[in-house]
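Readers should treat all values here as calculations from the given coordinates under stated rules, not as data from a laboratory. It should be emphasised that the depicted structure is a prediction, and the values quoted were computed from it without experimental measurement. No Cβ is skipped: glycine too gets one built from the backbone with ideal geometry, and neighbour counts run over all protein chains shown.
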Amino acid sequence: MISERLVMLVREKGWASLNELQLKSIGIVKRGDNVLITAPTGSGKTEAALLPVLDEMLRTSPEPVSLLYITPMRALINDVFNRIKWWADKLGLTIARKHGEVSQREKNMRNKVKPQILVLTPESLKIDLDWAPRFRENYRSVRWIIIDEVHEIAGNKRGAQLSLLLERLRKLFSIDPQIIALSATIGSPEEVLELISGSSSRRRTVLTYNGTRKSSILVEYLDTSRFTGDEYWAKVAWKVLGEIEPVTIVFVQSRYAAERLFKELSSLGLEEIAVHHSSVSGEIKEDIEDKMRKGYVKAVITTRTLELGIDIGYIKKVVVVGSPATALSLAQKVGRSGHREGEESRGVVIATSVAELLESVAAAENMLEGIIEPQKLIPCPLDIIAREALGMALSGVEVTPEILASLARDSKVCRDFDEEQARRLLDFLSSRKLMKRGDKGYRLSSGFFKIWSFGRDKKWWSRDFSEFFTVISEREVFQVRHGENTIGELDSQFVYRYLRVGDTVRLAGRSWRVIDIDDNSKKISVAPAPRETSEIPVWRGLAQSVSNEVLIGVINVLRRGVSKENILLSEEARSIIEKAREEWMRINGDEAESKVWVHEKGDSQVIITFMGQRINEALGLLLLSALSRVTTSISLKVTPYAVMVKPKIDLGEVFGRFSCFNELKRELLRVVDRHPLYVSVLNELRYSLGAIGDKSDEEKEFVKSEASRQLLHQYMDIDGLWVMINSLRKGEIELRKLESEPPSFITEELSSTLELKPWYRDLSGALQKLLKGWAFTVEEISEALLLPARTIEHKLKEMRKPGSKARVTKFIDTETGEARWCLMDDLPGLASDGDFRESFTPLDNKQPFQLKIKADSDDAYMEFVFTPSLSVISEIINKVPFDEIYELQVQPLVNGIYRNLSPRYYFVKKSIAPYLVLNGVAYLQKIKGLE
DNA sequence: GACCTGCTGCGGGTTG
């Protein structure tokens, strides 16, 4: 099947023969189909794709560049480059590699010695298509494209980007290169193949190869519920220590956990172990990988970094600490072990809670059954399409709506993208000055280089030009500071979702009270706080969410017990599962039909749905919107099993409000921009669409609706929620009250989940808009904006200070005695003829009062005596030698019992001071009258 | 103290 020359080389490599996968793939690849080969790591995939292509290349000695080998990771490029180079050198083929860390010198060589084979990242391909006019011409002769580790990008925005790039390549040179994609076991191979095939006219073939390798999974339970801090880690370390058989990979869920466990294992006397995660330098990582190949280490503690890509030699065993959450992630981790033909992959999962235990068993069952989660791509991500439009313009093309629409459609990134939508996108980019109309279409405009800047005339919001080519956004963190000292960093998603001013958070081994959160500078100021029970533990609540497939598996385990034979359970794990099953059966009995249970306790309500994270997230958003009409203090927790909400709400009534899907969707869209994750989604879009700079406050409807759409798609399942509501309405699912306690693992899971809190992006802008022309109490504002009162009050106090963009002030509503806030500039209007006139009108203007004023908190008061009329007061105030008053106080001249009630006003501009003095007098006279 | 992935081209000039 392949030429003699290659066969000789296979022998020279020392291989007895090609393996089953390689033999199978040669025939299929030679047919010229677009192929997706799914096979476990270490089964010789690279050669399976490469050999038939090399064979063809030998026959035709094609022009440079004829083979593109694309992989999503730099480390993998270096690895693959060296492997292919061995063949290329022997066969007299030219080869080059390209990624961000390849030296300029090596990159420059490409134009001198043209490579027939080019190994590169999707981002480097984009650079060539957008920005390398000279080298780009070589792509004309591309005949094969191998895409390695395609499962790493098919489900995310990099996948959409690559799909668009491949389509651009086809259209640019009217070519139809053969696509050969390589992937680990995935859930939706056909769709992935379709996405990268785009408009190619070649036949599609999926080649699935499971090999002879079997897996066995041991699930263990470690009860950590009574332990915290050092004790917790000591317990985990002991457990892990007992599992290590060289070489073992131990997967944990955070870099911190990796370092902490390493320390603990070392102190237990374990030597020859290492830590591997993204913050470890590349050099050290390579050294560790080398030691693994040589068997010089006993164990490596790692995050996901060792799940990806390169060859790490023979691994005896894999240990996973915590819930694997998806069968895909478990399969990829366990697949790292037992690379010898015919040998088992051995995985041990250590669950640290009952829910984790159930999820681990379910994930293991799914994995062994081959139930792997499908890749879920956001359909039609406008930000990614915009980047391709800009990229084409950067390459000198005038982009027309026709070109853009057919590119998006043919690439399958956006199947129903029409010219009208394309025109709207291009018009929006033009309105943001990234593009402008040319003779035939849209060209690049100077605004593009203001965002993606070369360093000259850089604005504070500018990004480096090179960042234009990647869709991976920088990990955003808030810096936590106590005075001048930096305490640590917190992930922005964590902050948006769970942290508010006034909360107590645990960080760097102590408790801190949050004093201020500045969204612009991404800084949080804190002060030491006494230990409280209500503090927020940073490490909880943000783990990867449990997939629906695993959730269904959990329900099966609860109904039927553990069914697979190759899942081993420790005695303890088995009895814990039995206990959980008993509790489950106690409330559900043997009845097959689904129910939604509602359990009330005190002022809170637990809704047990078992419908998964995404439906429950949507339900949470719906409850947030419903409750916001009733109250201002809402507490909400979301898990895949249940939603907890405070205060209680009549669910039947809430669900009854919607008679069709569109009504439900409209309601959710109304409140979605207050969802804490909205900010992160929006931030990701803003740069691609140019929605930044001065006008960022008034987000254009265009950007807002795209951000809402992506948020709903990514984190919530509103179709699923509608199915649930509709089934409840039709009586197919029962809404039943649960009188007894819910199963304890559900309560346990809820208690370790953090409260979700609404977030307002640009809160001062929202307050400014709301307050315009009127005056509200904090309670009223908090209700209107769905935010806790203390957050509002904090912001308003900040906004009254000089220098604030929209200054506010507060006065007393004499009718109710409540404080009302308004825009400082609105005060004269409200005082003279608004509904609040009474609050600024003294009942008696003969009675003398005393006025006390100071410019700063340390200053002494200036004191004046006056009788209340606007002109008299203004005259007095004008004697004050400063424009900004720090504190202003009005007192009755005669001592009385209400002397202590003298109203005080802070941060007052001199021009509005007379009105506040009148307000103080009116208030004092009112309560005097009440005496 | 969630995790992971990526990131100018081209040609002319100077220096050893």
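Observations
- Descending Cα extents along the principal axes, region A:207-260, whole Å: 48, 22, 22
- Measuring between alpha carbons in the structure, the pairs from A:K239/A:K316; A:K769/A:K909; A:K846/A:K879; A:K772/A:K926; A:K85/A:K114 lying more than 24 angstrom apart are A:K772/A:K926.
- Translational diffusion of region A:763-929, estimated by Stokes-Einstein from the Kirkwood radius over alpha carbon pairs at 10 °C in a medium of 1.306 mPa s, is 98 µm² per second.
- Normalised contact order of region A:4-208, rounded percent, pairs of Cα under 8 Å and 6 or more residues apart: 31
- Computing Rg and the Kirkwood Rh from the Cα coordinates of region A:310-446 gives a ratio, Rg/Rh, of 1.28.
- Between the helical axis of A:20-30 and the longest alpha-carbon principal axis of chain A there is an angle of about 90 degrees.
- Helical contribution to [θ] at 222 nm, DSSP H n ≥ 4, -39,500 (n - 2.57), averaged over chain A, rounded to 500: -12500 deg cm²/dmol
- For A:K458, the lysines whose Cα falls under 18 Å of its own Cα, not counting residues fewer than eight places away in the same chain, are A:K433, A:K450, A:K695.
- Nearest-0.05 FRET efficiency for A:S254 and A:S740, computed from C-beta distance (R0 22 Å): 0.05
- The simple Förster model, with R0 at 51 Å and r as the Cβ-Cβ distance, assigns A:D650 and A:R304 a FRET efficiency of 0.70.
- Cross-link table A:K45/A:K214; A:K171/A:K412; A:K595/A:K637; A:K801/A:K854; A:K646/A:K730, entries beyond 22 Å C-alpha to C-alpha: A:K646/A:K730
- On full extension, the segment bounded by A:E271 and A:V113 gains 52.1 nm, given 0.36 nm per residue less the C-alpha separation.
- Shown here for region A:1-71: trypsin sites (Lys or Arg not before Pro) in loop regions (DSSP other than H, G, I, E, B) with at most 14 other Cβ atoms within 10 Å, namely A:K13, A:R31.
- Rounded to whole Å, the principal axis extents of the Cα atoms in chain A read 114, 73, 60, largest first.
- Cα gyration tensor shape for region A:251-314, rounded if a/c is under 1.5, else prolate or oblate: oblate
- Distance between modelled label sites at A:E101 and A:K433, nm, 7 Å Cα→Cβ extension: 3.8
- Once the Cα-Cα distance is subtracted from the 0.36 nm per residue extended length, the A:R729 to A:E600 segment shows a gain of 44.3 nm.
- Relative exposure of A:D79, A:D383, A:D287, judged by other C-beta atoms within 10 Å (fewest first): A:D287, A:D79, A:D383
- Taking A:K805, A:K769 and counting other C-beta atoms within 10 Å, the order from fewest to most: A:K805, A:K769
- Principal-axis tilt of helix A:548-560 within chain A, Cα atoms, nearest 10 degrees: 80
- Beta bridges per DSSP with both ends in chain A, % antiparallel, nearest 5: 45
- Principal semi-axes of the equivalent ellipsoid, √(5λ) from the alpha carbon gyration tensor of region A:283-374, are 25, 15, 12 Å from largest down.
- Spin-label zone in region A:457-480 - amide nitrogen under 13 Å from a point set 7 Å from the Cα of A:A508 along the C-beta vector: A:479-480
- Taken along the Cα-to-beta-carbon direction at a fixed 7 Å, the label points for A:S225 and A:R475 span 3.2 nm.
- Per residue Cα convex hull volume in Å³ - calculated over region A:4-208: 114
- With 0.36 nm allotted per residue and the present C-alpha distance subtracted, the A:V894-A:E4 stretch has 309.1 nm of extension available.
- Based on the convex hull around the alpha carbon atoms, region A:1-121 presents an average projected area of 7.7 nm².
- Over region A:595-711, the hull volume per residue, using the convex hull of the C-alpha atoms, is 118 Å³.
- Compactness of region A:215-369 is given as radius of gyration and Dmax, 14.6, 43 Å, from Cα positions.
- Over 18 Å [Cα-Cα, region A:382-454], rounded percent: 29
- Which of A:V654, A:V236 has the fewest Cβ neighbours within 10 Å, and the rest in rising order: A:V654, A:V236
- Between helix A:701-715 and chain A: long-axis angle, C-alpha atoms, 0 to 90°, nearest 10: 60
- Between A:D518 and A:A855, the C-beta separation translates, for a Förster distance of 30 Å, into a calculated FRET efficiency of about 0.70.
- With both labels modelled 7 Å from their Cα along Cα-to-Cβ, the A:S61 to A:L770 distance reads 7.6 nm.
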